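Below is one structure, written out as structure tokens; the observations come after it.
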Amino acid sequence: MKQVYLDTFGCQMNVADTDRMELLLFHSGYRRTQEKEDADLILVNTCSIREKAEQKTFSLFGSLKPLKLANPDLILGLTGCLGQQDGKKLLQRMPYLDFVMGPDQVDGVAHAVDKVRSNGKSFVWTGFDQEKTYSIPEFSLPKAPGASTFVNIIKGCDKFCSFCVVPYTRGREKSREPDELYREIRHLVEYGAKEIILLGQNVNSYGKRGLKNPIPFHELLYGVAQIPGVERLRFTTSHPNDFTRETIRAYQDIDILMNHLHLPVQSGNNEVLKAMRRDHTIEEYRELLFELKSKVPDICISTDIIVGFPGETGEAFEDTLRIMEEIGYSSSFIFSYSPRPGTPANELNDSIAEEIKKRRLQEAIALQSRLTSEIGQHYIGNNTEVLIEGRSSKPGYTFKGRNPQYWGANVQAGEKTLKAGDTVKVRVQSVSGHSLSGKATL
Ligand code: 5AD
Ligand code: SF4
């Protein structure tokens, strides 16, 4: 039996792509190993969203090189966004690589491996498929999904935010047919999934183009909610411009649609938003979320923020801190701006000094810690429903999971016998960061 070692950098989309490659390779006789040294095939699924992600990839390959030199039969492949972005350059920089693939070649991974095995020549395989829609073959669906499972509903992005490589590395938006999605979700539920998280770079654009039976995103939510056995439903990520009033309505109508929304704001300042080509104002963003919060009072909102974008003044940064306070995010992913080759923002002068970026990053992170802790305090002494996803690594706790608002939770089972997939009421005793801890109640 052959063994494959898989490593993943970057977003949930990449995690999902790696899982699919694992399944496709399983059919070609590969079993996943956690030990690089035992592998006949090593695949690194890469990310190029920020420079740091690229650096991590190069340092990982630095450590893989001796393995390849010691064992010429080992196949070494680079897949994902860095592959699409840098293609041939990667083979020049790392001649010991056997192949480079982009995100759109995931389904061909077994073919790529066979090709290397048969002729031993290294190659680059990138670009985008010509299909209007996006389809995932049924045989590559997992037979042992987690209690909470991602389902890709759309790939690519047409938004072209000025700082972002995704439209170039993942190509144009393409949605999967609703029937294929319903079939996949029924399959996942049959094999034990309880929570479905609809996944895409911009899920709210779902169904806009190419579908034989087009439906808008909110209708997909209603459709999935009707599938027996789906106990929880979520989606990520959204763009404010495509987030509709009908989707707010869906939060009110659909009980199993969990009360959490990840809605990236990126900046709280209109000038910066304009330079980022986000195509909305901060007033529009605020109004949308105030409406959502007024209709779904216990919803938690999380976001993505970039600090130190070219031209971000001290006041503009203060605007970002202000919107964070106003919305009261339960958590944020906060990044320092990283210029990316080929993006329009790369043409702007990366004018903010590194130490200022760092200071702003620390300040925004400190504010988020305070907001998270303030919101978390409200849970203490109260019950919250947790879907158990696995074992907890926190001493004294047996299980971990998430509550409806997407807070992590560590659970003491007490007298209860619990397993992944169970939903339990937990009496919250303490909060640390974005994580609650407490005891399962009877
Ligand atoms: N620099 C810093 N952060 C970035 N992101 C995307 N591109 C960049 C960049 N060039 C962040 C955005 C996005 C998240 C996935 O990554 O906040 O929402
Ligand atoms: Fe990138 Fe903007 Fe698309 Fe998100 S919406 S993937 S930030 S281009």
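For region 393-407, indicate whether the set of residues that are among the β-branched types (Val, Ile, Thr), in contact (Cβ under 8 Å) with a residue 24 or more places away in the chain and buried (at least 16 other Cβ atoms within 10 Å of the Cβ) is non-empty.
No, that holds for no residue.
Within region 372-434, which strands (runs of 3 or more DSSP E) (wholly inside it) include 2 or more residues that are of a type in the set (Val, Ile, Thr)?
383-391, 423-432
If I ask for residues that are within 16 Å of ligand 1 (Cβ to nearest atom), assigned to a loop (DSSP other than H, G, I, E, B) and surrounded by 16 or more Cβ atoms within 10 Å (Cβ to Cβ), which ones from region 241-279 would you list?
Hits for region 241-279 are Phe243, Leu263, Pro264, Val265, Ser267, Gly268, Asn269, Met276, Arg278.
Select from region 190-205 the residues that are open to solvent by less than 30 Å² (accessible area, probe 1.4 Å) and closer than 27 Å to Lys419 by Cβ and list them in ascending order.
Listed by number, the residues that qualify are Ala193, Glu195, Ile196, Ile197, Leu198, Leu199.
Failed condition for Lys56, given (1) open to solvent by 20 Å² or more (accessible area, probe 1.4 Å); (2) charged (D, E, K, R); (3) out of contact with any Phe, Trp or Tyr (no Cβ under 9 Å at 6 or more places or on another chain), with all others met?
Condition not satisfied by Lys56: (3).
Any idea how many residues of region 136-162 are open to solvent by 30 Å² or more (accessible area, probe 1.4 Å), within 16 Å of ligand 1 (Cβ to nearest atom) and not in a loop (DSSP other than H, G, I, E, B)?
The qualifying residues number 1.
Has region 376-383 got at least one residue that is buried (at least 18 other Cβ atoms within 10 Å of the Cβ), touching a strand residue (DSSP E or B) at 6+ places or on another chain (Cβ under 9 Å) and more than 19 Å from Ile301 (Cα to Cα)?
No, the conditions are met nowhere in region 376-383.
Within region 171-182, restricting attention to residues that are open to solvent by less than 20 Å² (accessible area, probe 1.4 Å) and assigned to a loop (DSSP other than H, G, I, E, B), which residue is nearest to ligand 2 (Cβ to nearest atom)?
Gly171
Quick grid of which residues meet (1) among the hydrophobic types (A, V, I, L, M, F, W, C); (2) at pLDDT 95 or above; (3) away from ligand 2 (no atom under 14 Å from the Cβ):
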| residue | (1), (2), (3) |
| --- | --- |
| Ser238 | no, yes, no |
| Ala250 | yes, yes, yes |
| Ile254 | yes, yes, yes |
| His262 | no, yes, no |
| Ser267 | no, yes, no |
| Asn270 | no, yes, yes |
| Leu273 | yes, yes, no |
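Which one of these is part of a helix (DSSP H, G or I) and in contact (Cβ under 8 Å) with a residue 40 or more places away in the chain: Leu321, Leu289?
After applying the criteria, what remains is Leu321.
Out of Phe99, Phe128, which single residue is over 24 Å from Gly210 (Cβ atoms), more than 16 Å from ligand 1 (Cβ to nearest atom) and among the aromatic types (Phe, Trp, Tyr)?
Step by step, each of Phe99, Phe128 is checked, and only Phe99 is over 24 Å from Gly210 (Cβ atoms), more than 16 Å from ligand 1 (Cβ to nearest atom) and among the aromatic types (Phe, Trp, Tyr).
Does region 281-312 hold any residues that are away from ligand 1 (no atom under 11 Å from the Cβ), open to solvent by 20 Å² or more (accessible area, probe 1.4 Å) and within 24 Å of the chain's Cα centre (by Cα), and which are they?
Residues satisfying the conditions are Arg286, Lys293, Asp298.
Among the numbered criteria (1) more than 14 Å from Leu24 (Cβ to Cβ); (2) touching a residue at least 60 places away in the same chain (Cβ under 8 Å); (3) among the acidic types (Asp, Glu), which single criterion is violated by Asp114?
(1)
Could you give every pair whose Cβ atoms fall below 8 Å, whose first residue belongs to region 237-249 and is of a type outside the set (A, V, I, L, M), and whose second residue is away from ligand 1 (no atom under 16 Å from the Cβ) and not in a helix (DSSP H, G or I), counting only separations of at least 6 or pairs across chains?
Thr244/Pro216; Glu246/Pro216
The values are calculated or read from the model by the stated rules, or taken from the named source; none is laboratory data. As the structure is a computational prediction, the values presented were derived from the model and not from experiment. Here the Cβ is made from the backbone with ideal geometry for all residues, glycine too, and neighbour counts use every protein chain on show. Note: accessible area is taken over every heavy atom of the protein model, side chains too, but ligands, DNA and RNA are not part of it. Shrake-Rupley method; radii C 1.70, N 1.55, O 1.52, S 1.80 Å.
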